[in-house]
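To keep things clear, I will list the structure first and then write my remarks on it.
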Amino acid sequence: MKGRGRRLSCATLYRWINNGLRGVKLETVLIGGSRCTSVEACERFIGATQGGSPAPAACRTASQRTKAVDAAKRQLDAFGI
């Protein structure tokens with residue numbers, strides 16, 4: 001990811017994940033001890049911090065979380081991971 005023609009610092013991403021920017025945190029997932037994000041999550045983050053689309057809901061219910069985990073497991077199985 002680049003910003004203003006320069007490469008984005010890992011420290012900047014770390015701050016966006018942990019502290020957020022303008023009240024919005026960059027969405028991530030923990031996979032095997034590594035923190036990961038997606039291009040789509042970055043686009044949502046940038047849109048939300050620039051006054052675009054509203055920030056995603058901060059909390060999910062237990063059933064929403066379970067459904068998301070199940071969907072992720074099915075996707076990983078489909079990829080053979």
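For the reader, a short list of remarks on this structure follows.
- Residues of the range 1-42 classified as open to solvent by 70 Å² or more (accessible area, probe 1.4 Å), charged (D, E, K, R) and closer than 25 Å to residue 81 by Cα, total: 2
- Only residues that are within 9 Å of the chain's Cα centre (by Cα) and in a strand (DSSP E or B) were counted across the range 22-50, and they come to 2.
- Taking every residue in the range 33-48 that is under 17 Å from residue 19 (Cα atoms) and pairing it with any residue that is exposed (fewer than 14 other Cβ atoms within 10 Å of the Cβ) and among the aliphatic types (A, V, I, L, M), at least 6 positions away or on another chain, the pairs with Cβ-Cβ distances below 7 Å are 36/29; 42/1.
- Leading residue by the ranking (modelled with the highest pLDDT) among those in the range 51-81 that are surrounded by 10 or more Cβ atoms within 10 Å (Cβ to Cβ) and assigned to a loop (DSSP other than H, G, I, E, B): 60
- The residue pairs whose first member lies in the range 69-81 and is closer than 14 Å to residue 29 by Cβ, whose second member is among the β-branched types (Val, Ile, Thr) and surrounded by 10 or more Cβ atoms within 10 Å (Cβ to Cβ), and whose beta carbons are closer than 9 Å, counting only pairs six or more residues apart or on different chains, are 72/29.
The values are calculated or read from the model by the stated rules, or taken from the named source; none is laboratory data. It should be emphasised that the depicted structure is a prediction, and the values quoted were computed from it without experimental measurement. Cβ atoms come from the backbone with ideal geometry, glycine included; neighbour counts cover every protein chain shown. The protein model used for the area step is the full one, side chains on, heavy atoms only, and it has no ligands, DNA or RNA in it. Shrake-Rupley method; radii C 1.70, N 1.55, O 1.52, S 1.80 Å.
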